[in-house]
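Engineer: Encoded as structure tokens, here's the structure I'll be asking about.
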Amino acid sequence: MSKFEYTSEFECSVVELFSYHERKAVVNRLIPPWDDVVVLREPQNLIDSDAEFLVTLAPLVCFRWISKHCDYVKNKQFKDIQITGPFRRWEHTHLFGSNKDGKSYLTDSIEFEPLFSSISSIFTEKLIREKLRKTFSYRHTITKNDIDFIKKQHTDKQFVIGIAGSSGVIGRELTSFLRLLGHTVYKIVRKTAKQRDEIFFNLEKEELTNIPEHLDIVINLAGEPISEGLWTDKKLQAIYDSRVVFTSKLIQAIKKLEKPLSHYINASAIGYYGDRRERLSEDGSKGDGFIADLCQKWEQVAKNDLFPTTILRIGVVLTPRGGALKQFLKFVNLNLGATLADGNQYISWITMDDLIYGITHIIHNRLEGVFNMVSPSPVTQKEMVDTISNKLKKVRILNLNRKTVELIYGRLGKEVLLANNYVIPDRLNLSNYKFYFPYLTSALDHLLGSDG
């Protein structure tokens, strides 16, 4: 039998720390983004309920992990014990305590035994311990940041929120976090609503059905991925229709609701500013190109005079679960990380955590208008790929010149991969939002599990 422990101190009371772990959707929130884990069944409580997960280790290699909570003592401890999974025995005890200065601590204590004794070698145990260290370093950081963010909120009001694009990478994370805060979240779907938490959007009739008695906020994150696949005519039309046409019809459907919204939030992108090297705040003018024109039309159809509206000009969102970072990791892990052209084009990025904190900050403070959803520290493409390579202990050996990038990727290469985007979040800064990951190095440490 082996034992692993990880302890951290928290700037909150033990009551706040324990209560955080009792919140709805906290299980989703604490899964590291580098793990391919799907929550099939959330625990209903920490006292005596089960949780079920689907864990994928590699293509076609997956297993179900079922655990049961027990030994619950309010503000002191709870356990989860493996019922079915990859270990012969797994018992995870969460121990909570108070320090004399009013702070609290959490110790995650795990006793484990591999399923097959033949693999319980020193080498295997070392790998398991390193995996656990990375996991709990991430979990404790998320816990600290979430509690800090929650304590700074100046509202206890719980909203009923509909999210279009809830199945996307951003939508899934935002849904879990808003539910963790106690908000009621409905998924706006284009198929007939089958779940209690779904609202059916009939695109042709411009109608929302199966809606709750009162809907406070709608967040529209829907859109065909821009950077996946070549920009064929069919792809460009799908990008346009999924944003401009979809949003126009969604606004018309919202206008038909008996009770007006208190807030409407619509995604856009920093591609609005085009390929420009100068520092750009929310007051920056529209740039040139397909993406800039698309964003302008997208924002125009989202704006209306019936309810307060916020436009999110989102930068490159960093998470191993999808988007640009997932693509970077794919190539860097093969030692195929490359600078594109001279690599000096700026990338305005933001971590997934800061993006969902920022959106929630906008909701709670009822902020309207345009917001650049980017970190305050843009980096060059060369800095981005070199930093990722260093974190993964890989080597960058490739350089693709401008003509090669444009030959391979066409307009996508010219307008996205080679574009300069030096964008600054002036309005978020002025609203007193505090970035949790303002710098790339610490952001990647957190996202890749290379800290601690």
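Engineer: Could you work out the helix-only [θ] at 222 nm for the chain, with each DSSP H run of four or more residues adding -39,500 (n - 2.57) and the total divided by the number of residues, to the nearest 500 deg cm²/dmol?
Structural biologist: Computed mean residue ellipticity for the chain: -9500 deg cm²/dmol.
Engineer: Then there's this: Show me the trypsin sites (Lys or Arg not before Pro) within the range 1-68 that DSSP assigns to loop and that have at most 16 other Cβ atoms within 10 Å of their Cβ.
Structural biologist: R23, K24
Engineer: Net charge within 11 Å of L400 by Cβ-Cβ distance, Lys/Arg positive one each and Asp/Glu negative one each, not counting L400 itself?
Structural biologist: Net of charged neighbours comes to 0.
Engineer: What aspartates and glutamates could a cross-link reach from K394, if we take a straight Cα to Cα line under 12 Å and drop same-chain neighbours fewer than 8 places away?
Structural biologist: Here the aspartates and glutamates satisfying the reach criterion relative to K394 are D386.
Engineer: Same structure again: For the range 1-117, calculate the relative contact order in percent as a whole number, restricting contacts to Cα pairs under 8 Å that are 6 or more residues apart.
Structural biologist: Once divided by the residue count of the range 1-117, the mean separation gives 29 percent.
Engineer: Using the Kirkwood formula over every pair of different C-alpha atoms, what hydrodynamic radius in Å results for the chain?
Structural biologist: Every distinct Cα pair counted, the radius reaches 23.6 Å.
Engineer: Ok, one more. Using only Cα atoms, tell me the angle between helix 381-391 and the longest principal axis of the chain; keep it within 0 to 90° and round to the nearest 10.
Structural biologist: Taking the Cα atoms of the chain, the angle to 381-391 is about 10 degrees.
Engineer: Now for a separate question. Scan the range 88-185 for chymotrypsin sites (Phe, Trp or Tyr not before Pro) in coil per DSSP, keeping those whose Cβ has at most 16 other Cβ atoms within 10 Å, and list them by number.
Structural biologist: Values: sites: W90, F96, Y105, F112, F116, F123, F136, Y138, F149, F159, F177; in loops: F116, F159.
Counting only loop positions with at most 16 other Cβ atoms within 10 Å, the chymotrypsin sites (Phe, Trp or Tyr not before Pro) in the range 88-185 are F116.
Engineer: In whole angstrom, how far apart do the alpha carbon centroids of the range 123-165 and the range 3-65 sit?
Structural biologist: Measuring centre to centre over Cα atoms gives 9 Å.
Engineer: Could you run the Karplus curve 6.51 cos²θ - 1.76 cosθ + 1.60 with θ = phi - 60° over the range 215-227 and give me ³J(HN,Hα) per residue in whole Hz, x for Gly and Pro?
Structural biologist: 10, 7, 9, 10, 10, 9, 10, 5, x, 4, x, 7, 9
Engineer: Residue by residue, what Karplus-based ³J(HN,Hα) values in Hz, rounded to whole numbers, does the range 193-202 have, using 6.51, -1.76 and 1.60 with θ = phi - 60° and x for Gly and Pro?
Structural biologist: Working through the residues one at a time gives 5, 10, 9, 5, 9, 10, 10, 8, 9, 7 Hz.
Engineer: Another question, then. Report the full-extension gain for the segment N344 to N304: residue separation times 0.36 nm, less the Cα-Cα distance, to one decimal in nm.
Structural biologist: The span from N344 to N304 would gain 10.5 nm if fully extended.
Engineer: Which of the residue pairs K191/K256; K68/K187; K126/K393; K134/K391; K3/K103; K249/K303 have a Cα-Cα distance greater than 23 Å in the structure shown? It would help to have the intermediate numbers written out before the result.
Structural biologist: Numbers: K191/K256 20 Å; K68/K187 29 Å; K126/K393 19 Å; K134/K391 14 Å; K3/K103 26 Å; K249/K303 13 Å.
With Cα atoms farther than 23 Å apart: K68/K187; K3/K103.
Engineer: Now, a different point. What GluC sites (Glu not before Pro) in the range 1-66 are in a loop by DSSP, with at most 16 other Cβ atoms within 10 Å of the Cβ?
Structural biologist: Counting only loop positions with at most 16 other Cβ atoms within 10 Å, the GluC sites (Glu not before Pro) in the range 1-66 are E11, E22.
Engineer: Using a simple spin-label model with points 7 Å from Cα along the Cα→Cβ vector, what separation in nm is obtained for K256 and N335?
Structural biologist: 5.9
Engineer: Okay, next question. Pop a pseudo-label 7 angstrom from the Cα along the beta-carbon direction at both T184 and S450 and give the gap in nm to one decimal.
Structural biologist: 4.5
Engineer: Take K152 and L236, extend 7 Å from each Cα along the Cα→Cβ direction, and tell me the distance between the two endpoints in nm.
Structural biologist: Computed distance between label sites K152 and L236 equals 4.2 nm.
Engineer: Taking a label point 7 Å from the Cα of L57 along the Cα→Cβ vector, which residues of the range 70-91 have an amide N closer than 19 Å to it?
Structural biologist: Correct set: 82-91.
Engineer: To the nearest Å, what is the center-to-center distance of the range 386-452 and the range 227-304, using C-alpha atoms only?
Structural biologist: Using only Cα atoms to place each centre, the spacing works out to 22 Å.
Engineer: Among the listed pairs K151/K382; K24/K434; K234/K326, which have their C-alpha atoms separated by more than 28 angstrom in this model?
Structural biologist: Distance filter (> 28 Å) returns K151/K382.
Engineer: From the phi angles alone, apply the Karplus equation (6.51, -1.76, 1.60; θ = phi - 60°) to the range 295-303 and give each ³J(HN,Hα) in whole Hz, x where the residue is Gly or Pro.
Structural biologist: Calculated HN-Hα couplings, in order: 4, 4, 5, 4, 5, 4, 6, 7, 6 Hz.
Here, each number is a calculation from the coordinates, and none is a lab measurement. All values reported here derive from a predicted model rather than from experimental measurement. Neighbour counts run over all protein chains shown; Cβ positions are idealised from the backbone, glycine included.
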